[in-house]
Amino acid sequence: MVLLRRLAVLVGVSLLVGACSCTNTRGEAATESSSRIKEGPTVNAPLSNRAPASTSKALGGRVALDWQQVMLDKLAKDPGGYQEAWGLFSEGGWANAGQVMVFGDAKSTSWRAVVVEPEADRISTDQALSAAGFAPIGKAARAAVSLVDLDMVALDALTFEYVHVQKDGSGNIKVVKRVFIRNGGKKDTREYDALIAVFQQLRGGAK
């Protein structure tokens, strides 16, 4: 009998503790944190002026492929009848240096300069570029023909890619020249620096 009484007391205590574990200090029902629904990361919808990078990657692009795709799409679809485009694209370990695209061709009397400011997620300016404004780009493009990829080991360094493309009569786009530029600061790169500077000067405003 004594053993049965002790067993009954233990069962009663267990039931009491179980009941207490279901209430908080204010007498409200408690909720386990594991039962809460956790929201996932927010995914921004694609912007209208940013396209998948499939074509630019297929053409050998390595830097800022989404913006390279914007350049290809504009050359293919935008009114104006331009047959060529030149671009300088950038990425960085902490921040990029912006993107610059120029549209025109050998027969053009006017060109267009499209600029994306550093870290911007949309086009900042799109405006006319005069013959005088385009002249440094044309000169830099001719000088870039002799350049090869500069792929030096560098931690968190800015990476650039110069791209010159042409559209033929059938609307097909081919790469005329592509130069990858990552400068580890261990050799003379003045020719590459000059190429970058010509495009970056357009960020100050098309002329």
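The values are calculated or read from the model by the stated rules, or taken from the named source; none is laboratory data. Small disclaimer: the values here were computed from a predicted structure and weren't measured. Here the Cβ positions follow ideal geometry from the backbone for every residue, glycine too, while neighbour counts run over all protein chains shown.
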#### Entry: Search result, residues across segment 83-102 that are assigned to a strand (DSSP E or B) and surrounded by fewer than 24 Cβ atoms within 10 Å (Cβ to Cβ)
GLU84, SER90, GLU91
### Message
Is it the case, given these coordinates, that VAL148 is more than 24 Å from GLY81 (Cβ to Cβ) and aliphatic (A, V, I, L, M)?
### Response
yes
### Task
Considering (1) among the hydroxyl-bearing types (Ser, Thr, Tyr); (2) loosely packed, with under 12 Cβ neighbours inside 10 Å; (3) farther than 26 Å from GLU191 by Cβ, say which one SER124 fails and leave the rest.
(2)
### Which listed residue is in contact with a strand residue (DSSP E or B) (Cβ under 8 Å, 6 or more places away or on another chain) and in a loop (DSSP other than H, G, I, E, B), from VAL148, VAL114
VAL148
### Message
Suppose we filter ASP151, ASP126 for residues that are of a type in the set (D, E, K, R) and modelled with pLDDT under 90; which single one remains?
### Response
ASP151
### Query
Inside segment 134-173, can you point out the residues that are touching a residue at least 60 places away in the same chain (Cβ under 8 Å) and basic (Lys, Arg)?
LYS167
### Query
without any contact (Cβ under 8 Å) to a residue 12 or more places away in the chain and exposed (fewer than 15 other Cβ atoms within 10 Å of the Cβ): does that describe ALA106?
no
